[in-house]
1. Going by amide H atoms built from the backbone, whose H comes under 5 Å of the H on C132, apart from near neighbours?
2. How much of the accessible area of the stretch 1-120, probe 1.4 Å, is carbon plus sulfur, in whole percent?
3. For the chain, what does -39500 (n - 2.57) per DSSP helix run (n ≥ 4), summed and divided by total residues, give at 222 nm, in deg cm²/dmol to the nearest 500?
4. Order the following by accessible area, largest value first: M95, M156. Probe radius 1.4 Å; ligands, DNA and RNA are ignored.
5. Would you calculate the separation in nanometres between label points at I161 and F134, each defined as 7 Å from the Cα along the Cα-to-beta-carbon direction?
6. Take L88, L94 and sort them by solvent-accessible surface of the protein heavy atoms, 1.4 Å probe, largest at the top.
7. Which stretch or stretches of the stretch 107-125 have amide N atoms under 15 Å from the point lying 7 Å from A18's Cα along the Cα→Cβ direction?
8. Quick one: Debye curve from the C-alpha atoms of the stretch 22-87, no solvent, what's log10 I(q)/I(0) at q = 0.23, 0.25 Å⁻¹?
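The values are calculated or read from the model by the stated rules, or taken from the named source; none is laboratory data. This is a predicted model, so every value here is computed, not measured. Because the Cβ atoms are built from the backbone with ideal geometry, glycine has one as well, and the counts that use them run over all protein chains shown. The protein model used for the area step is the full one, side chains on, heavy atoms only, and it has no ligands, DNA or RNA in it. Shrake-Rupley method; radii C 1.70, N 1.55, O 1.52, S 1.80 Å.
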Amino acid sequence: MFEGSQYVYYGMYLVGFAIMMVLNLRDHDRYKLTKKEAVWITLITYVAGVLGAMLMGKLYTVVSQARGDTGTSNVAIFGAVVFTPIMLCVLFRLMKKDWRNILDMLTPGIFIILACAKFGCIFEGCCYGVVCDFGLYNPRANATVFPVQIFEVITMIPVIIAGQVFVRKYKRYVKGMAYPVTAGLYSIVRFCWEFARYYSDNMRHVFLGLTFWQIFCVIVLISSVIMFAILNSQKLRDREIAAARAAEAARRERKAQHRKKK
């Protein structure tokens, strides 16, 4: 919206990354990781997020052009929410790391980066709302538009907090729940704000009267519910309890052996 605004936009990604790094370094002990592991895992996550955003941007461009619209997107940060966890789960499983534990640590940071990127949209002037009599003047639209980006960022804050409170207070919590809870809540919020976002007629009704992003919100919500149900299953819970008891028994055995040596 002003000269150099694109630097502010991309700078907000780095702000989100910095916040994520600070949080992960603060909480690494909670997730049984060293500071070094927290650093390189956070770096990998950021790279995966950029790749996910680029992939989603290409997908949006393909759909847009197929529907006769001129809209293009080099990056679409929602792709970080959709594709990053998939890439990370595959990578950490191959590395024989506890991907569910790591994903719990990374979840708030992923959505904080998303919130910062959305805040950057305010300065860049993209992702603006529908034309209305009140709001902010947007040079791209050459009209006063509803500041949907601001409201999406504001509502993301309680989503991130609620996700963390839920997994820390939920009595039946098992590793891996942070992401499906937070992603599910965000998909509901994003779905609703999409009605206030400006689209051409071609992209307003992509499928069943939904926008491209609303379709992905539905996909994320369904996937989150399925993932939560699997994690909440008694079979997995029994396995978690057995693993915890085995780890505790091993710890006591090491402690006993240490006493004998003394």
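1. Amide H neighbours of C132, under 5 Å, 5+ apart: T144, V145, F146.
2. Carbon and sulfur together cover 67 percent of it.
3. -25000 deg cm²/dmol
4. M95, M156
5. So the two model labels end up 2.4 nm from each other.
6. On the way: L88 5, L94 140 Å².
In descending accessible area the options line up as L94, L88.
7. Hits in the stretch 107-125 for A18 at 15 Å: 113, 116-117, 120.
8. Here the Debye-derived log intensity ratios amount to -0.88, -0.95.
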